[in-house]
Each structure stands twice: as C-alpha cells, then as structure tokens.
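Engineer: Below you'll find the structure I mean.
The values are calculated or read from the model by the stated rules, or taken from the named source; none is laboratory data. Everything numeric here is computed off the predicted structure, so don't read it as measured data. Here the Cβ positions follow ideal geometry from the backbone for every residue, glycine too, while neighbour counts run over all protein chains shown.
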Amino acid sequence: MKNTLNKKIRSLAAGCFLITTITALHADKPIYKAIKRIEVDSKENIYAFKLEKFDKEGRLISITREKEKTLHETYYDYSQKNIIRFKFFENGKLVYSSTEHLTPEKKIKKRIITRKDNKITATEEYVYNTEGKLESIISKNEKGEQWRLDSFTYDTKGNMIQRRVTTPSDPQEINFTFKYDNNNNKIEERHILSYEYYRIKTYKYNEKGILNESAYSKYSAGKIRSILNTEYIYNEDGSLKEEKIKNDKDVLQYRHIYTYEKY
C-alpha cells in the first residue's frame, strides 16, 4: 500500500512542474476569477469538468476536477513570502501536500512533498543556469536517495528543445524534444519512450500567431496506433472558447467548452 501511495505521489509531483509552467505561460493574460472547462462526448454527454479559481493577482488558488466519479481538488496558499503551499485531495481525502520554496525571482528552488501523515515522501531541487533557465530537477525519495533526474536543453533563442528523464533503476531514458518556427511558436513535441514507442504532437498557427490546430499521434512497435486532431475556437477577446477533438477520419470524439468569470 505504501509503495503504491509513494508511486502515486511521485507521479503527481512530477506533473507539478508542468502545472506551474502552464500557469506561468498565462501570466500575461487577463486576470480571471475563474475558468471552467466542461468536457462532453460526441453525444453531448458531460463526462468531466475542471474549474480553476484565481486571486486578484492572477495566482491560481484552486483546481477542481471531476471525471469518472473521481473528484480531485487542489488548493494553493501564498500567505508566506517566497513560499507556495498546496494540498491535493481525492474524493475529499488528503493524498499529499507540497511546499515550494521560491527564489527572489519567484522561481521554484525546492519542493518538499509530504503524505497526509506529514512525513516527507519526496523532494525536488531545481537548478538554473547563468541565464536563469531551468537546467535540471533532482528528485529524491524519503531516504534522500536520488530516484529521478530531469535535464533541460535550450536553443540559442532560449526555447526548450529537450527534456531528458533518467532514473538509476532504469537505464532507458525518456526523452521529450521540441521544435519551433521562426516566431518561436512550438510546432512539434515528441515524447520518446523507446525506439518503437513514442508520441508526437504538432501545432499549427494562423497568420497572427494564434494556435488553431494540433494533432496528437501515438506510435507503438514503430506503427501509428491513434491520431487525435484538435481545432481551437476563440472568443472575440482572444480567450479560448472551445476545443473540438476528432479522430483521423474527421469524426468528432469530444469537445472542451470554456467559460470565464471576471472580477
């Protein structure tokens, strides 16, 4: 039971980097009180929803997501200077909590993940290069032993072009690679699990540099297994209104519908 919990916490913790990064990407967007996403299938049945709430400074204060009768809730606390705390709940029960220590530039310096009994189960140390770019994340278990290393590489324009994930227990690396156009828009993302198993996501933009299409492909044993194409539709103010996801035969699979609440 303990190993299962630790594995779950580590998996969730690894995703925290992406959550923080995604939130940072929207820092220049209008400040909303709440953003709600409803997910419906091809028959217009609601099968999931996600609600994000923000404070007046634009900081994320909670995420609520329900799917397949499972409710996930995350709450953020910014009451201490240069410290972000959050707690993650599943169906009302605390799974783990995290404390992020920030640099004066508001970048994550260290993250400490604890179980519901307040025992430390993992730590993450963030290392930056001389230009302030994230260079690596060193993840350690409850014994202080390194169990994962994330390394990042950038091009001359500062765009991340590779993320390598290595673990001492597994010699097989997991690689993420990224490509960009001349305007620094990301046009391709590859998640390489092995030579035969990988995933590719491509992006297309309109003449104003706004994302309007993406394609997500899965490969198994070197052969393509599935494709999902997404069309992005926007409101007049530029906020995302809807995502239409179709298969490779152009048949609608599901939709994501966004609504916003302003201060």
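Engineer: Taking Leu240 as the residue in question, decide whether it is at pLDDT 95 or above, surrounded by 11 or more Cβ atoms within 10 Å (Cβ to Cβ) and within 29 Å of Arg164 (Cβ to Cβ).
Structural biologist: Here the answer is no, as Leu240 does not meet what is asked.
Engineer: Here is a check on your reading of the model: is Arg164 touching a strand residue (DSSP E or B) at 6+ places or on another chain (Cβ under 7 Å), among the basic types (Lys, Arg), over 30 Å from Glu68 (Cβ atoms) and part of a strand (DSSP E or B)?
Structural biologist: yes
Engineer: Quick check on the stretch 143-161: of everything there that is without any contact (Cβ under 8 Å) to a residue 24 or more places away in the chain and assigned to a loop (DSSP other than H, G, I, E, B), which residue is nearest to Lys204 (Cα to Cα)?
Structural biologist: The selected residue is Thr156.
Engineer: A further question on this structure: Give the residues of the stretch 194-214 that are surrounded by 15 or more Cβ atoms within 10 Å (Cβ to Cβ) and of a type in the set (A, V, I, L, M), sorted by residue number.
Structural biologist: Within the stretch 194-214, Ile200, Leu211 meet the criteria.
Engineer: Of all residues in the stretch 126-135, which are part of a strand (DSSP E or B) and under 15 Å from Ile161 (Cβ atoms)?
Structural biologist: Across the stretch 126-135, the qualifying residues are Leu134, Glu135.
Engineer: Looking only at the stretch 189-207, which residues are within 16 Å of Glu231 (Cα to Cα) and either of a type outside the set (Val, Ile, Thr) or touching a residue at least 40 places away in the same chain (Cβ under 8 Å) (or both)?
Structural biologist: Lys201, Tyr203, Lys204, Tyr205, Asn206, Glu207, listed by residue number.
Engineer: Somewhere in the stretch 94-103, is a residue part of a strand (DSSP E or B), touching a Gly at 6+ places or on another chain (Cβ under 9 Å) and in contact (Cβ under 8 Å) with a residue 12 or more places away in the chain?
Structural biologist: no
Engineer: May I pose another question? Among Ile245, Ile200, Ile187, Ile257, which is the only one that is within 22 Å of Asp150 (Cβ to Cβ), of a type outside the set (Asp, Glu), assigned to a strand (DSSP E or B) and within 20 Å of the chain's Cα centre (by Cα)?
Structural biologist: Unique residue meeting the criteria: Ile200.
Engineer: Search the stretch 112-124 for residues that are more than 21 Å from Ser136 (Cβ to Cβ) and in contact (Cβ under 8 Å) with a residue 24 or more places away in the chain and pair each with any residue that is hydroxyl-bearing (Ser, Thr, Tyr) and crowded, with 16+ Cβ neighbours inside 10 Å when their beta-carbon atoms are under 6 Å apart and the residues are at least 6 apart or on different chains.
Structural biologist: Arg115/Tyr96; Arg115/Thr121
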